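*Asks:* The following block contains the structure, expressed as structure tokens.
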């Protein structure tokens, strides 16, 4: 015969497991999660099968910054339910122009030290230019030769952003933060 104290301990354990499970699910959905990257559009910064820590609270009180690597729902009807990962290049209200392998923001060259010109950018892009509308960002993959980004699907609504990729956690050997170091003016644009 099972005594009442053993039943109480068992029920208490079930409660702890249930509460832990609920908290874990809520944290994963609303606070921070780990995501597996599939694809090579962000080479050499992020590789296929890397695992990243995504901060889902990053843009609750502030807007994305240039250089942020974001996870977002693409503005494509045929890709609903998927998530993309790209780098924010131009912010709302900014004028951008891509000439060859160079990006200009408001007429000034954007210094993109995170990409390998020779390997990941071909030199025969058509001129692409525009002004980012309010409530949107313009994103590009670091591997410009193999990236489905704002050049093909247009601007990304800020409301579609799920979170900011903050750390590469796997493989352990390649673990690193994903912050961009820009020149002193903070925006990566040359004078």
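Read-outs: derived from the displayed coordinates by stated rules, not from any lab. What you are looking at is a predicted structure, and each value in this text was computed from that prediction instead of being measured. Reconstructed Cβ throughout: ideal geometry from the backbone, glycine too, with neighbour counts over all protein chains shown.
*Asks:* Return a whole-number percent for the relative contact order of segment 29-70, with Cα pairs under 8 Å and 6 or more residues apart as the contact set.
*Replies:* 39
*Asks:* Note down the relative contact order for segment 63-104 as a percent, whole number, built from C-alpha pairs under 8 angstrom at least six residues apart.
*Replies:* Over segment 63-104, the number comes to 36 percent.
*Asks:* Same structure, new question: For the peptides 34-44, 11-21, what is the packing order when you average, over each peptide's residues, the other Cβ atoms within 10 Å and list the highest mean first? The partial results should precede the final answer.
*Replies:* Values: 34-44: 17.1, 11-21: 10.0.
For the peptides 34-44, 11-21, the packing ranking is 34-44, 11-21.
*Asks:* Tell me, in nm to one decimal, what length is gained between residue 92 and residue 49 on full extension, where the rule is 0.36 nm per residue of separation less the Cα-Cα distance?
*Replies:* Answer, rounded to one decimal: 12.3 nm.
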